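Remarks on the structure that follows.
The values are calculated or read from the model by the stated rules, or taken from the named source; none is laboratory data. Being a predicted model, the structure only gives us computed values, none of them experimental. Positions of Cβ are backbone-derived with ideal geometry, glycine not excepted, and every protein chain shown enters the neighbour counts.
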Amino acid sequence: MTGAFEVASVEETWALARRLAAELKPGDVVCLEGDLGAGKTTFTQGLAAALGVSGRVTSPTFCIVQEHRLQSTAIDCDRMPPTAVDRPLLLVHIDLYRLHGEDDVLAIGWEDYLAEGAILVVEWPERAGSLIPPDARHIVFTHLDGEESRRIVFS
């Protein structure tokens, strides 16, 4: 999914998240970029709902990492890494704002999550430096005029 979209509501943001969810596979990394309050967590909530996460999805700003179990029917399990066949599917929402570089990111289990085929949704991805894979999806959120209006750019 690529392109720029203007949204004016949570529902429109979630609709874009559903479109992306249909394309995701185990091991994908989704990088969310934008100012505080730009819609990154709202988008992640929509993504999680589309992937079958039950329960509340909140910002991991203070806890840094939140793991969410996925329903196995939500994504194509045939594309799962062989090392992850017997493990539950995970959506891992990570906020790197409070971390200071690659060593900190590795310390929270980055490589373990990738090895088990988790889908990583990463806020403040620049803190991960070279750990972000070249095929990661990048989404930039920008406030527009209006309380709920956002520009969301997929690249």
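Being over 27 Å from ASP145 (Cβ atoms) and buried (at least 20 other Cβ atoms within 10 Å of the Cβ) is the requirement here; does ALA21 meet it?
Details: over 27 Å from ASP145 (Cβ atoms): yes; buried (at least 20 other Cβ atoms within 10 Å of the Cβ): yes.
For ALA21, the condition - over 27 Å from ASP145 (Cβ atoms) and buried (at least 20 other Cβ atoms within 10 Å of the Cβ) - is met.
Just name the residue that is farthest from PHE154 (Cα to Cα) out of those in the range 1-54 that are charged (D, E, K, R) and out of contact with any helix residue (DSSP H, G or I) (no Cβ under 8 Å at 6 or more places or on another chain).
Filtering the range 1-54 for residues charged (D, E, K, R) gives 6, 11-12, 18-19, 23, 25, 28, 33, 35, 40.
Restricting the remaining residues to those that are out of contact with any helix residue (DSSP H, G or I) (no Cβ under 8 Å at 6 or more places or on another chain) gives 6, 11-12, 19, 23, 28, 35, 40.
On the way: GLU6: 12, GLU11: 18, GLU12: 15, ARG19: 11, GLU23: 13, ASP28: 15, ASP35: 16, LYS40: 13 Å.
Applying the filter and picking the extreme gives GLU11.
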Checklist entry - If TYR97 satisfies every condition in (1) assigned to a loop (DSSP other than H, G, I, E, B); (2) farther than 16 Å from GLN66 by Cβ but one, which is the exception? => result (2)
Checklist outcome for this item: PRO88 passes all but one of the listed conditions (1) outside any loop (DSSP other than H, G, I, E, B); (2) at pLDDT below 85; (3) touching a strand residue (DSSP E or B) at 6+ places or on another chain (Cβ under 7 Å); (4) of a type outside the set (Val, Ile, Thr); the exception is number (1)
Next on the checklist: Restricting to the range 1-48, give me the number of residues that are of a type in the set (A, V, I, L, M, F, W, C) and part of a strand (DSSP E or B).
Outcome noted: 7
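Residues checked against (1) free of Cβ contacts under 8 Å to residues at least 12 places away in the same chain; (2) β-branched (Val, Ile, Thr); (3) surrounded by fewer than 22 Cβ atoms within 10 Å (Cβ to Cβ):
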position	(1), (2), (3)
ASP95	no, no, no
GLY101	no, no, yes
ALA107	yes, no, yes
GLY129	no, no, yes
